Amino acid sequence: MDTLNPSVNPLDYSRLDEIVQLIKAELSKPDIRLLNNRAVQAKVFQIPQVSHNMAELRRTEEALRQEILKKISVLTHKFQEHSIDVTLARAGILSDSRVHAGSSLEQFDSLDFDLLCLDAKERLYMLLNQYDWLKDFYRFYPQHFYENSFQFVDRIPPKKLHVKVKVVGLGIAGSLAVSGLKKNGVETVIGYDRRARNGPRSVTSRFQNASWRAYDIAEKMLDDESFQHLVQYQQRLNVTYDDGTSVVMSSDRVQIILGDAVDSALESAERYGAELCFDCDAYGFLKSGTEGKTEEEDANDFDIVALFAGAHTSSLVPGLKEEMNMHSWKDLSSPCCLWLEVKKSERKSAYTARDIENGAEKWHFTIEAARNSKRDLVRVRDNLIAQHLWNLRKFQEYGDVDNDREAEEKQHEAAMKKVESLLNDLEEKKDDGSEERYDYIFSNAPDNEYNRAKLNAAKAKGNVVMEGKYTVDITIAPKSMIDSSSSESAQKLLDQFGTTVLVTGGDACVNPNPMAAYGATLACEFAAMLVHLSVAHGHINAIIKGMEKATGNVDDDLIPRLQELKTLLNQYYDTRGRSENYFQWMQTLICNLYSLPAQVDATTM
């Protein structure tokens, strides 16, 4: 089969299953199974149907973006008709006692219509700037560049964003989102999580490493203190040239510990003033009910609710999974194992590196860093305590078999002793004034006999303090945004959450792959998409509010055009989400098929 059915949605199950079968066949070839995972990805994306599906998703995304730019151009032209003189006064070219370069233009009740239009036009430019579309907007609609060549958008005074956003789930995506929303001026931001803020099994307790390349996003979402903390473990590459010289180059990836990244983002959000709620009731984020509500109480509804509650997000409330249209391939689930080693480091400064074994089923992915943070070791200790208590409860419920409890006690005691020793070392200063460091070595691998031998070898060195097993399922949600235009069942969900727009993203839509590749990055992409959409809603809400207060001058179709623009931006979140989700789904699918025995008999191909 050389082509895909063009009448089928790129994320329809039948279309995706065709791609699954193609990749099954490709990853059953003996020569392909000898390659590393990155090489396999490169080979797979050479399959025409695979790359065509990605291209089709991006074309759809771009077509919608072009429609949005066209709508903004029409609105900008309408506002410019009434505001050209005050625009020139704002730039200092004309004189007007009502406006100057630093005017806030926030008092709608006292603004004349030309100033309202100036404020509206500026907000549209700020919206474009938020999405990083301004350069393209000027290129496609050059008249707006020439009419504004004397005013820099970055110099427009900040404007209030009267928009309310609720974020459910404060992991990687949620923690970054609540910080980014407040940093970018969103008025009301509330975050919810059923877990505690700190301690065992808390929102910040994940000790797993990830190779992460969304620091360009994080810089726009976090305060400088948190951002600098996250990027200190930049990966480096040693490159040797033909003449024998070599150079150390920075990679495009940073090594992060997931719990530490969440903690840093939450600290940033707290400094910006976000309202964060922990230890929440499982359904505390739902609206209590709509019957008998007054208009004032309905006004307390949120403009946007974001569900970033991990892989089980679609099961939060009845009907959500069906509305997200979740697809899954249960026969391709991959069992995996992980382990963490910690030991005293010989390195004097921050260091990070990756270690990978190639080959289907035999691969492992290890990220190592020389760290000096006490809280990362405390996080490991918290996990050891939580895991030990969990194991003791299992012994109490099911009984002790083959003296497993005694082995568990010895293993726990040895691991705790190792961590406590490293913590004590960090308290001591070396004679030369340098800090003590420890090596933090986290590994993932398919759970099979070959890789269990690696784990046992690591245990024999005495440095393994945590180990575990988990299963990676192949899932994807073709829909990551629900608004009132979706369906009757969608409206019921919106009523439950007390919002007009419901969005999801990250693990909620696609399970991350065990190679620690792109999962955290995807979560950050969706956090940024939420910030873009929320800022856009805030600007459009303000424009509509101003136009509603104006009398006599407003075109009859102006407010409907603004409402339509808001709807298109909602749809853009969904459309962009499909592209991002497809790429992550491909990575997880490839990784799982690379972890499992060949799914197709190569001799019959």
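The values are calculated or read from the model by the stated rules, or taken from the named source; none is laboratory data. Being a predicted model, the structure only gives us computed values, none of them experimental. Cβ sites come from the backbone with ideal geometry, for glycine too, and all protein chains shown count toward neighbours. What goes into the accessible areas is simple: the full protein's heavy atoms, side chains included, and nothing from ligands, DNA or RNA. Shrake-Rupley method; radii C 1.70, N 1.55, O 1.52, S 1.80 Å.
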Selected residue (criterion: nearest to residue 114 (Cα to Cα)) from residues of the range 529-575 that are assigned to a helix (DSSP H, G or I) and β-branched (Val, Ile, Thr): 543
Residues located in the range 48-70, provided they are among the hydrophobic types (A, V, I, L, M, F, W, C), open to solvent by less than 20 Å² (accessible area, probe 1.4 Å) and within 22 Å of residue 16 (Cα to Cα): 50, 57
Residue in the range 533-544 that is touching a Phe, Trp or Tyr at 6+ places or on another chain (Cβ under 6 Å), closer than 22 Å to residue 221 by Cα and buried (at least 21 other Cβ atoms within 10 Å of the Cβ) present: yes
Pick from the range 104-122, criterion over 19 Å from residue 538 (Cα atoms) and surrounded by fewer than 17 Cβ atoms within 10 Å (Cβ to Cβ), ranking: modelled with the lowest pLDDT: 110
Residues (over 18 Å from residue 284 (Cβ atoms) and of a type in the set (S, T, N, Q)) located in the range 176-195: 179, 184
Top-ranked residue in the range 341-373 [being part of a strand (DSSP E or B) and in contact with a helix residue (DSSP H, G or I) (Cβ under 7 Å, 6 or more places away or on another chain); ranked as most open to solvent (accessible area, probe 1.4 Å)]: 344
Restricting the range 207-229 to residues that are open to solvent by 20 Å² or more (accessible area, probe 1.4 Å) and assigned to a loop (DSSP other than H, G, I, E, B), the residue that is nearest to residue 376 (Cα to Cα): 208
Filter result for residue 204 (outside any helix (DSSP H, G or I), modelled with pLDDT under 95 and of a type in the set (S, T, N, Q)): yes
Index of the failed condition, residue 311 passing every other in (1) small (Gly, Ala, Ser); (2) under 25 Å from residue 581 (Cα atoms); (3) at pLDDT 90 or above: (3)
Single condition residue 174 does not satisfy, out of (1) assigned to a helix (DSSP H, G or I); (2) buried (at least 24 other Cβ atoms within 10 Å of the Cβ); (3) more than 16 Å from the chain's Cα centre (by Cα): (3)
Hits in the range 30-47 - residues which are open to solvent by 30 Å² or more (accessible area, probe 1.4 Å) and either of a type outside the set (Lys, Arg) or at pLDDT 95 or above (or both): 30, 31, 34, 35, 36, 39, 42, 45, 46
The range 466-479 residues that are closer than 22 Å to residue 321 by Cα, paired with ones that are among the β-branched types (Val, Ile, Thr) and surrounded by 21 or more Cβ atoms within 10 Å (Cβ to Cβ) (beta carbon under 7 Å, 6 or more apart): 472/588; 474/588; 475/510; 476/510; 477/504
Those residues of the range 184-201 which are more than 19 Å from the chain's Cα centre (by Cα) and among the hydroxyl-bearing types (Ser, Thr, Tyr), in sequence order: 188
Qualifying residue in the range 374-381 (condition: part of a strand (DSSP E or B), within 18 Å of residue 255 (Cβ to Cβ) and open to solvent by less than 30 Å² (accessible area, probe 1.4 Å)): no
Filter pass, residue 102 being touching a residue at least 24 places away in the same chain (Cβ under 8 Å) and part of a loop (DSSP other than H, G, I, E, B): yes
Tabulated pairs, the range 518-537, first over 22 Å from residue 158 (Cα atoms) and touching a residue at least 24 places away in the same chain (Cβ under 8 Å), second of a type in the set (Ser, Thr, Tyr) and open to solvent by 10 Å² or more (accessible area, probe 1.4 Å), C-beta under 9 angstrom, 6+ apart or interchain: 524/215
Set 16, 22: member being under 30 Å from residue 363 (Cα atoms), in contact with a His (Cβ under 8 Å, 6 or more places away or on another chain) and open to solvent by less than 50 Å² (accessible area, probe 1.4 Å): 16
Criterion (in contact (Cβ under 8 Å) with a residue 24 or more places away in the chain and either under 27 Å from residue 265 (Cβ atoms) or touching a strand residue (DSSP E or B) at 6+ places or on another chain (Cβ under 6 Å) (or both)) met by exactly one of 571, 496, 587, 599: 587
Failed condition for residue 199, given (1) part of a loop (DSSP other than H, G, I, E, B); (2) crowded, with 16+ Cβ neighbours inside 10 Å: (2)
Residue match in the range 89-97 (condition: within 40 Å of the chain's Cα centre (by Cα), part of a helix (DSSP H, G or I) and touching a residue at least 24 places away in the same chain (Cβ under 8 Å)): yes
Pairs, first under 10 Å from residue 191 (Cβ atoms) and in contact (Cβ under 8 Å) with a residue 60 or more places away in the chain in the range 262-284, second in a loop (DSSP other than H, G, I, E, B) and hydrophobic (A, V, I, L, M, F, W, C), C-beta under 6 Å, six or more apart: 278/196
Selection count, the range 559-569, where residues are more than 13 Å from residue 65 (Cβ to Cβ) and open to solvent by less than 10 Å² (accessible area, probe 1.4 Å): 1
Pairs, first under 14 Å from residue 367 (Cα atoms) in the range 438-454, second small (Gly, Ala, Ser) and surrounded by 22 or more Cβ atoms within 10 Å (Cβ to Cβ), C-beta under 6 Å, six or more apart: 440/369
Members of the range 123-152 that are open to solvent by 20 Å² or more (accessible area, probe 1.4 Å), in a helix (DSSP H, G or I) and more than 13 Å from residue 536 (Cβ to Cβ): 134, 135, 136, 138, 139, 140, 142, 143, 145, 146, 147
